[in-house]
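J.: Before I ask anything, here is the structure I am working with.
The values are calculated or read from the model by the stated rules, or taken from the named source; none is laboratory data. Just so it is clear, the model here is predicted, and its values are computed rather than measured. Neighbour counts run over all protein chains shown; Cβ positions are idealised from the backbone, glycine included.
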Ligand SMILES: [Zn+2]
């Protein structure tokens with residue numbers, strides 16, 4: 001069984017590391033604060049008798065490799081310990097520390113196991129300083145070369161490679177050195193669904209695909225009083241039409257499709273001048289690739305129509321595009337079954353946020369377990385999950401791990 005008090009204590013201890021002078025938790029990747037957090041994690045892993053492996057992108061692994069099965073593909077559990085600025089103490093850290101707790105419980109249990117178990121803490125999941133986010137797991141899964149990632153620069157021009165070396169976490173293992181038998185990530189939901197529905201466990205079936213675009217609409221600035229409505233090329237009007245269009249289109253496509261115009265700038269941005277230019281962003285998401293493509297195609301057609309009808313020039317630029325990720329159905333069923341056996345209510349869900357698990361899904365059967373987030377808040381010091389819910393999630397992770405390695 002999970003040692004609930006030890007888990008909660010470690011979450012508190014790690015959460016106290018990397019506080020800035022104002023007391024805000026900011027353990028940004030490859031900073032001194034990150035180093036302090038990593039050092040603490042490595043002490044715990046070492047104390048647990050695990051083999052420490054650091055790869056070239058700075059991912060930290062603690063491996064339990066019993067002699068009788070040391071060459072079998074390992075079960076990997078984990079998440080990340082870097083944070084955003086002014087973060088809560090659960091995002092990422094919970095999944096890593098629960099994974100450590102699981103290995104300690106398995107070791108203490110003494111049952112023979114059929115494969116090694118590893119806890120992984122991936123570098124720069126948040127992407128607060130270096131791009132892209134989920135970098136350590138992306139590199140581990142072979143989606144980005146280690147050298148390209150290490151060459152990523154922060155705003156001051158410092159490379160990730162230089163700062164990983166500076167803090168002592170430029171390891172030597174080649175990312176991807178162990179191809180896992182399976183990967184499971186336990187994480188807080190970061191949304192309100194579980195709490196609202198009174199469910200204890202989220203069985204994450206998939207992760208949304210994301211399509212980001214910047215749209216620039218060019219029309220004609222003119223006098224707001226003297227230009228007849230029929231003679232306008234109003235970029236601001238077109239921006240408003242795009243905003244309502246993507247909203248209505250998402251609702252028409254289905255309940256899991258979402259669309260947001262989050263940034264909008266008008267020029268010249270003056271009360272009595274028809275806008276000559278509008279720059280806006282569109283964020284489209286859907287767990288179904290076909291539906292996401294339908295949303296993108298619908299938007300493209302609408303833009304072409306609007307340009308023609310209003311005498312505008314409309315240009316678009318792709319900012320990001322990720323296909324949806326489906327997690328392993330057998331693992332999802334296993335999580336659901338074991339949760340039910342523990343008397344925990346479950347809900348199948350889609351993750352609206354990115355996670356290391358989506359990268360690891362390229363390598364091996366992968367799944368995620370969510371626990372509730374109070375008021376759905378994360379990336380904020382008010383991030384909170386009840387201790388009982390944290391312990392229940394960790395216990396479920398132990399049950400899943402034990403089932404996967406025959407303990
Ligand atoms: Zn996270």
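J.: Only residues that are over 16 Å from residue 97 (Cα atoms), out of contact with any helix residue (DSSP H, G or I) (no Cβ under 8 Å at 6 or more places or on another chain) and buried (at least 18 other Cβ atoms within 10 Å of the Cβ): list them for region 26-40, please.
T.: Within region 26-40, 33, 35 qualify.
J.: Exactly one of (1) away from the ligand (no atom under 16 Å from the Cβ); (2) surrounded by 13 or more Cβ atoms within 10 Å (Cβ to Cβ); (3) assigned to a strand (DSSP E or B) is unmet by residue 302. Its number?
T.: (3)
J.: Now for a separate question. So, in region 73-118, of the ones that are more than 14 Å from the ligand (Cβ to nearest atom) and under 17 Å from residue 34 (Cβ atoms), which residue ends up nearest to the chain's Cα centre (by Cα)?
T.: For region 73-118, the residue satisfying everything is 85.
J.: Taking residue 43, is it in contact with a strand residue (DSSP E or B) (Cβ under 7 Å, 6 or more places away or on another chain), without any contact (Cβ under 8 Å) to a residue 40 or more places away in the chain and surrounded by fewer than 22 Cβ atoms within 10 Å (Cβ to Cβ)? Steps first, please.
T.: Details: in contact with a strand residue (DSSP E or B) (Cβ under 7 Å, 6 or more places away or on another chain): no; without any contact (Cβ under 8 Å) to a residue 40 or more places away in the chain: yes; surrounded by fewer than 22 Cβ atoms within 10 Å (Cβ to Cβ): yes.
In short, no.
J.: Checking residue 322 against (1) exposed (fewer than 15 other Cβ atoms within 10 Å of the Cβ); (2) at pLDDT below 95: exactly one of these is not met. Which one?
T.: (1)
J.: Next question. Which residues, taken from region 172-204, are more than 21 Å from residue 97 (Cα to Cα) and not in a loop (DSSP other than H, G, I, E, B)?
T.: Correct list: 173, 193, 194, 195, 196, 197.
J.: For region 61-94, what are the residues that are closer than 29 Å to residue 24 by Cβ and surrounded by fewer than 24 Cβ atoms within 10 Å (Cβ to Cβ)?
T.: The answer is 84, 85, 86, 89, 90.
J.: Scan region 179-191 for residues that are within 25 Å of residue 149 (Cα to Cα), away from the ligand (no atom under 11 Å from the Cβ) and buried (at least 20 other Cβ atoms within 10 Å of the Cβ) and jot them down.
T.: Answer for region 179-191, where residues must be within 25 Å of residue 149 (Cα to Cα), away from the ligand (no atom under 11 Å from the Cβ) and buried (at least 20 other Cβ atoms within 10 Å of the Cβ): 180, 182, 183, 184.
J.: Please specify each residue of region 238-265 satisfying the condition of being crowded, with 19+ Cβ neighbours inside 10 Å and either in contact (Cβ under 8 Å) with a residue 60 or more places away in the chain or in a strand (DSSP E or B) (or both).
T.: Across region 238-265, the qualifying residues are 238, 242, 259.
J.: Under 6 Å by Cβ, and 6 or more places apart or on different chains, what pairs join a residue from region 86-99 that is more than 23 Å from residue 21 (Cα to Cα) and in contact (Cβ under 8 Å) with a residue 24 or more places away in the chain with one that is more than 9 Å from the ligand (Cβ to nearest atom) and not in a helix (DSSP H, G or I)?
T.: Pairs that qualify, where the first residue is more than 23 Å from residue 21 (Cα to Cα) and in contact (Cβ under 8 Å) with a residue 24 or more places away in the chain and the partner is more than 9 Å from the ligand (Cβ to nearest atom) and not in a helix (DSSP H, G or I), are 95/186; 96/78; 96/81; 96/121; 98/186; 99/77; 99/78; 99/119.
J.: Out of 56, 68, 38, I need the residue that is modelled with pLDDT under 95 and away from the ligand (no atom under 14 Å from the Cβ). Which one?
T.: Unique residue meeting the criteria: 68.
J.: Any chance region 346-364 includes a residue that's assigned to a loop (DSSP other than H, G, I, E, B) and under 11 Å from residue 200 (Cβ atoms)?
T.: Within region 346-364, not a single residue is assigned to a loop (DSSP other than H, G, I, E, B) and under 11 Å from residue 200 (Cβ atoms).
J.: Which residues, counting only those in region 354-381, are more than 16 Å from the ligand (Cβ to nearest atom) and closer than 30 Å to residue 86 by Cβ?
T.: Within region 354-381, 374, 375 qualify.
J.: I've got another one for you. Any chance you could count how many residues in region 131-171 are touching a residue at least 24 places away in the same chain (Cβ under 8 Å) and under 28 Å from residue 367 (Cα atoms)?
T.: So the count comes out to 16.
J.: Only one of these is part of a helix (DSSP H, G or I), in contact (Cβ under 8 Å) with a residue 60 or more places away in the chain, buried (at least 21 other Cβ atoms within 10 Å of the Cβ) and in contact with a helix residue (DSSP H, G or I) (Cβ under 9 Å, 6 or more places away or on another chain): 335, 369. Name it.
T.: Numbers: 369 fails: part of a helix (DSSP H, G or I).
Criteria check complete, one pass: 335.
J.: If a residue must be in contact (Cβ under 8 Å) with a residue 40 or more places away in the chain, surrounded by fewer than 19 Cβ atoms within 10 Å (Cβ to Cβ) and not in a loop (DSSP other than H, G, I, E, B), how many such residues does region 211-232 contain?
T.: Going through region 211-232 one residue at a time, the tally reaches 6.
J.: Which members of region 119-137 meet the condition of being within 12 Å of the ligand (Cβ to nearest atom) and either in a loop (DSSP other than H, G, I, E, B) or surrounded by fewer than 22 Cβ atoms within 10 Å (Cβ to Cβ) (or both)?
T.: Once the filter is applied, which keeps residues that are within 12 Å of the ligand (Cβ to nearest atom) and either in a loop (DSSP other than H, G, I, E, B) or surrounded by fewer than 22 Cβ atoms within 10 Å (Cβ to Cβ) (or both), region 119-137 yields 122, 124, 125, 126, 127, 128, 133, 134.
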